[in-house]
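Presented below is the structure to which this report refers.
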Amino acid sequence: MTDPYKVLDVDRNATDDEIKKAYRDLVRKYHPDKYRDSDLADLATEKMKEINVAYDEIQKMRASSSSYTHSSSSSYNQGSSYSSSGIYANIRRAINSGDMVSAQAMLSAISASERNAEWNFLMGCVLLRKGYFIDALNYIDIACKMDPNNEEYRNAKNQMNNNASNFGKEYRTETSVGCCPCGLCSSFICADCCCNCLGCGNRC
Amino acid sequence: MFGYIKTYTPELKIRENEYYKGVYCGLCHALKKRCGFISRLTLSYDFVFMVLVRSAATDLDIGFKNSRCIAHPLSDSSVAEINDELDFAAICEVLLYYYKCMDDIADEKGKKRLRAKFIRLILNGSRRRILKSERASEAAELDKYISETMKKLYNKESEHAPSVDTTAEIFGELTAYIFSYGLCEDKARIVRNIGRHIGRWIYIVDACDDYKQDKASNSYNPFIYLYEGEDFDDEKKLSVKTALLAELCEIEKSLDLIDLEKSSDICGVLKNIIYLGMPDVSENILFPKSKNNTQINS
């Protein structure tokens with residue numbers, strides 16, 4: 001039987017608050033949303049189960065009266081209504097249901113002369129989910145240029161560029177690096193933040 | 001292609017730096033033992049990263065001993081003892097470098113081409129030695145895969161498609177295979193994913209590094225075709241930087257699934273590489289600091 005304190009990486013004498021913090025940090029680290037597009041999603045789910053079991057056990061052992069819910073760092077964007085017509089509505093539906101193959105096929109079938117800003121944006125979203133980050137961001141950039149007033153495309157690009165809170169922040173805080181040594185990096189991306197583009201939820 | 005995966009030394013603990021250098025020295029010794037003295041010219045820190053990832057995934061403890069060598073003639077230094085992982089890395093290093101030379105011979109012109117031909121000639125001896133050794137069957141498998149994938153990459157590049165990721169993906173397939181070779185499947189899955197994103201990251205950074213030169217000499221560079229004649233300006237570079245961090249995010253997620261002892265040197269070195277070292281390398285390539293503080297335009 002694995003020691004639940006070891007699983008949460010806390011001292012046996014840790015306070016309830018310290019245990020809660022450790023639990024939340026681990027949930028953030030292995031959250032299923034983070035691994036949604038990863039080949040290793042099942043391993044992360046197993047890890048989450050282990051963490052939840054350990055937390056439950058510590059709670060029972062301490063006979064704590066506080067009830068808890070599985071903390072999720074996701075904030076869900078309850079379906080922002082970005083309207084789309086015809087073929088693009090179908091493509092968005094395919095993307096939302098995770099069918100990237102169909103989405104990409106439908107996009108490729110549209111002739112070059114008809115490839116507007118929405119086409120570029122949706123192609124970018126498909127490629128983001130595929131992990132083709134360079135090409136994806138290029139398409140999204142083109143979409144923003146073709147339709148500079150489009151809120152959806154601008155928001156998607158801004159979110160990606162302004163998300164400075166995630167990659168390496170905790171590590172740099174722990175190692176007490178003051179100014180980022182990489183020259184004040186200002187652009188970070190969560191690979192899964194594209195779901196915010198389509199109003200189906202984000203964890204940022 | 002080589003030399004991009006390294007630590008950001010100013011933020012490494014002294015003992016972590018000693019550990020890192022010790023593994024590097026161990027790799028050098030492994031190269032000499034397996035492939036002969038001359039193969040040491042292929043030595044790079046990139047493969048130290050691979051040794052560390054594979055060792056972490058398989059819970060392999062790296063032993064150290066004091067030793068002197070040609071690079072440290074005056075004093076003993078702590079050197080990793082040659083083990084299966086260091087030997088494997090030495091074999092991969094020679095084979096990959098050999099096929100990189102073949103690639104340069106096909107792609108490059110003038111002095112670079114001549115240099116590649118010369119190095120290939122030297123490495124051929126080492127490669128033949130590996131292919132006749134007691135690890136011949138493994139080496140032959142690796143050699144075949146590297147050769148075929150490099151050919152696949154060359155063919156893809158020749159299409160001049162407006163995409164960086166489709167070519168980066170092929171190089172990622174190659175590194176995924178090498179990183180996870182011989183590991184049992186539950187470990188191989190994680191290490192393969194790390195290998196894939198490391199390969200993609202290297203390919204993209206290498207293309208950024210060579211962009212100016214390739215454009216000037218009319219050589220292949222995937223960014224030239226992606227941007228279809230437009231300049232590789234700062235706005236595009238910011239997007240590339242974001243994408244590179246996304247690759248590092250994926251590596252982080254996979255590394256998190258390996259149970260690394262938080263206080264261990266191996267954990268400290270790996271985290272320094274992905275959180276500080278690699279971002280620093282890509283930052284200096286995309287936004288180099290020139291003497292008079294202006295950005296170099298492509």
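The values are calculated or read from the model by the stated rules, or taken from the named source; none is laboratory data. Since we're looking at a predicted model, the values are computed, not measured. As a convention, Cβ positions derive from the backbone with ideal geometry for all residues, glycine included, and neighbour counts pool all protein chains shown. Quick note on the areas: whole protein, heavy atoms, side chains included, nothing else; ligands and nucleic acids left out. Shrake-Rupley method; radii C 1.70, N 1.55, O 1.52, S 1.80 Å.
Is it true that some residue in region B:260-272 is surrounded by 21 or more Cβ atoms within 10 Å (Cβ to Cβ), within 20 Å of residue A:29 (Cα to Cα), at the interface with chain A (Cβ under 10 Å from one of its Cβ atoms) and not small (Gly, Ala, Ser)?
Yes, region B:260-272 contains at least one residue that is surrounded by 21 or more Cβ atoms within 10 Å (Cβ to Cβ), within 20 Å of residue A:29 (Cα to Cα), at the interface with chain A (Cβ under 10 Å from one of its Cβ atoms) and not small (Gly, Ala, Ser).
Pull out all pairs, ordered by first then second residue, where Cβ-Cβ is under 6 Å, the residues are six or more apart or on different chains, the first lies in region B:232-253 and is facing another protein chain (nearest Cβ under 7 Å), and the second is surrounded by fewer than 20 Cβ atoms within 10 Å (Cβ to Cβ) and assigned to a helix (DSSP H, G or I).
Within 6 Å, the pairs are B:239/A:141.
Take region B:74-96 and flag every residue that is buried (at least 17 other Cβ atoms within 10 Å of the Cβ) and touching a residue at least 60 places away in the same chain (Cβ under 8 Å).
Matches in region B:74-96: B:86, B:88, B:89, B:90, B:92, B:93, B:94, B:96.
Every residue in region B:174-201 that is open to solvent by 20 Å² or more (accessible area, probe 1.4 Å) and within 13 Å of chain A (Cβ to nearest Cβ), please.
Of everything in region B:174-201, those that are open to solvent by 20 Å² or more (accessible area, probe 1.4 Å) and within 13 Å of chain A (Cβ to nearest Cβ) turn out to be B:185, B:186, B:187, B:189, B:192, B:196.
For the structure I just gave you, tell me whether residue A:107 is within 26 Å of residue B:277 (Cβ to Cβ) and more than 8 Å from chain B (Cβ to nearest Cβ).
Numbers: within 26 Å of residue B:277 (Cβ to Cβ): no; more than 8 Å from chain B (Cβ to nearest Cβ): yes.
For residue A:107, the condition - within 26 Å of residue B:277 (Cβ to Cβ) and more than 8 Å from chain B (Cβ to nearest Cβ) - is not met.
Against the condition among the charged types (D, E, K, R) and within 21 Å of the chain's Cα centre (by Cα), how does residue B:230 come out, does it pass?
no
Looking only at region A:1-11, count how many residues are modelled with pLDDT under 85 and open to solvent by 100 Å² or more (accessible area, probe 1.4 Å).
Of the residues in region A:1-11, 1 are modelled with pLDDT under 85 and open to solvent by 100 Å² or more (accessible area, probe 1.4 Å).
Quick one: how many residues across region A:114-137 are within 28 Å of residue A:34 (Cβ to Cβ) and open to solvent by less than 20 Å² (accessible area, probe 1.4 Å)?
15
If a residue has to be open to solvent by 60 Å² or more (accessible area, probe 1.4 Å) and either touching a residue at least 40 places away in the same chain (Cβ under 8 Å) or within 15 Å of the chain's Cα centre (by Cα) (or both) to count, how many in region B:2-23 make the cut?
Total meeting the criteria: 6.
Of everything in region B:154-173, what is more than 9 Å from chain A (Cβ to nearest Cβ), in contact with an Asp or Glu (Cβ under 8 Å, 6 or more places away or on another chain) and modelled with pLDDT of 95 or more? Give them in sequence order.
Across region B:154-173, the qualifying residue is only B:167.
Hey, any hits in region B:152-160 for a residue that's within 23 Å of residue B:184 (Cβ to Cβ), free of Cβ contacts under 8 Å to residues at least 60 places away in the same chain, open to solvent by less than 70 Å² (accessible area, probe 1.4 Å) and part of a helix (DSSP H, G or I)?
No; the residues of region B:152-160 include none that is within 23 Å of residue B:184 (Cβ to Cβ), free of Cβ contacts under 8 Å to residues at least 60 places away in the same chain, open to solvent by less than 70 Å² (accessible area, probe 1.4 Å) and part of a helix (DSSP H, G or I).
Among B:54, B:120, which is part of a helix (DSSP H, G or I) and more than 22 Å from residue B:177 (Cα to Cα)?
B:120
Do we find that residue A:33 is assigned to a loop (DSSP other than H, G, I, E, B) and within 14 Å of another protein chain (Cβ to nearest Cβ) in this structure?
Values: assigned to a loop (DSSP other than H, G, I, E, B): yes; within 14 Å of another protein chain (Cβ to nearest Cβ): yes.
Yes.
Residues of region A:8-30 being assigned to a loop (DSSP other than H, G, I, E, B) and hydrophobic (A, V, I, L, M, F, W, C), which ones?
If the condition is that a residue be assigned to a loop (DSSP other than H, G, I, E, B) and hydrophobic (A, V, I, L, M, F, W, C), then A:8, A:10, A:14 are the ones that fit.
Among the residues that make up region B:203-214, is at least one of them open to solvent by 10 Å² or more (accessible area, probe 1.4 Å), under 22 Å from residue B:54 (Cα atoms) and either within 19 Å of the chain's Cα centre (by Cα) or hydrophobic (A, V, I, L, M, F, W, C) (or both)?
yes
Output the number of residues of region B:118-162 satisfying the condition of being among the polar types (S, T, N, Q) and closer than 12 Å to residue B:102 by Cα.
Qualifying residue count, region B:118-162: 2.
I'd like to know if region A:32-42 contains one or more residues that are at pLDDT 85 or above, closer than 30 Å to residue B:196 by Cα, open to solvent by 40 Å² or more (accessible area, probe 1.4 Å) and not charged (D, E, K, R).
Checked region A:32-42: at least one residue is at pLDDT 85 or above, closer than 30 Å to residue B:196 by Cα, open to solvent by 40 Å² or more (accessible area, probe 1.4 Å) and not charged (D, E, K, R).
Taking residue B:283, is it facing chain A (nearest Cβ under 10 Å) and either open to solvent by 10 Å² or more (accessible area, probe 1.4 Å) or not β-branched (Val, Ile, Thr) (or both)?
Spelling it out, residue B:283 is indeed facing chain A (nearest Cβ under 10 Å) and either open to solvent by 10 Å² or more (accessible area, probe 1.4 Å) or not β-branched (Val, Ile, Thr) (or both).
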